1. What ³J(HN,Hα) values, in whole Hz, does the Karplus curve 6.51 cos²θ - 1.76 cosθ + 1.60 give for the stretch 137-144 when θ = phi - 60°, with x put for Gly and Pro?
2. If you stretched the chain out fully between residue 170 and residue 100, how much longer would it get, using 0.36 nm times the residue separation minus the C-alpha to C-alpha distance?
3. Using the crude model of +1 on Lys and Arg Cβ and -1 on Asp and Glu Cβ, and no other charge, please compute the dipole size for the stretch 25-224 relative to its Cα centre, in debye to 20.
4. What is the diffusion coefficient of the stretch 25-224 in µm²/s, taking the Kirkwood radius over Cα pairs and the Stokes-Einstein relation at 25 °C with a viscosity of 0.890 mPa s?
5. Pairs of Cα atoms under 8 Å, at least six residues apart: use those to get the relative contact order of the stretch 25-224, whole percent.
6. Run the numbers on the stretch 156-231 and let me know its relative contact order in percent, using alpha-carbon pairs under 8 Å that are six or more apart.
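We did not get these values from a lab; they are worked out from the coordinates using the rules stated. Everything numeric in this text was worked out from a predicted model, so none of it was measured. Virtual Cβ from ideal backbone geometry, glycine too; neighbours counted across all protein chains shown.
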Amino acid sequence: MKTNRLIQSMTFGVAAVAITACAPAKMVVPADIAALDQIVVTNRSNASGAFIDESFKMGPYAISNVDRKWNTSSSKNLSVVSSEESAGGYAYDFANDKAKGKGECAITGSKKSVSLLSGLDVSKSASKIACACDWSQRVAKVTLEAGNDGKFKGNLVTSAGNYTIEAIYEREGSVSDGSPAGYRVDGQNPVGGVESLKPGRIWLNQSLSVEERDDLSCVFAGLMLYLPTRDK
């Protein structure tokens, strides 16, 4: 009997380890963000790329027609990133049962500077992520820039507010690879948050107007679709 119990215990332990190992990594959600309204993402593929259908659902919202070949030359809302400095871009449709918006995002890749004395790469300029959501009657924008510590911070502007935004790097279930696990948005109080790790989640302050919820959710979708660039 003791032998059987030992075997059962060992089997259960191995199974538990296997389940843990297969569990996807999640963003460590700050307590004040976790207290907000949560919207779960569904039907999101684990794959990304130009030939992948990256459509997914986010509560009442539908994200579709993700275009990885889009570039800033056709954008009227992303002047913060010029077509000359852009390292890539993508666009997507964003809609609920009442309205439809168009999301656009552009990325500025890291640039290396060279020491004249050694000829070696000694520093890198900050990378930038910029997204805009156009609802015809209004536009919401976010701009994030990596500082000297490599961490993204910036501003998010909606139809009714101007907020700070910063990346969250801490993860549950895995060690950070240096890319954002998500982002938080703050005004005088926490405004919202987004987990970019798949499948993803977003959080919205209960006090936000319908328009601001739409604005934030559309911008959050753009940040979820961001694929970190790697230096070659």
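1. 8, 7, 9, 10, 9, 9, 10, 10
2. That works out to 21.9 nm of additional length.
3. Computed charge dipole of the stretch 25-224: roughly 260 debye.
4. Details: Rh = 17.4 Å.
Using the Kirkwood radius from Cα pairs, D works out to 141 µm²/s.
5. Numbers: 456 pairs, mean separation 40.8, N = 200.
Contact order relative to length: 20 percent.
6. In percent, rounded to a whole number, it is 23.
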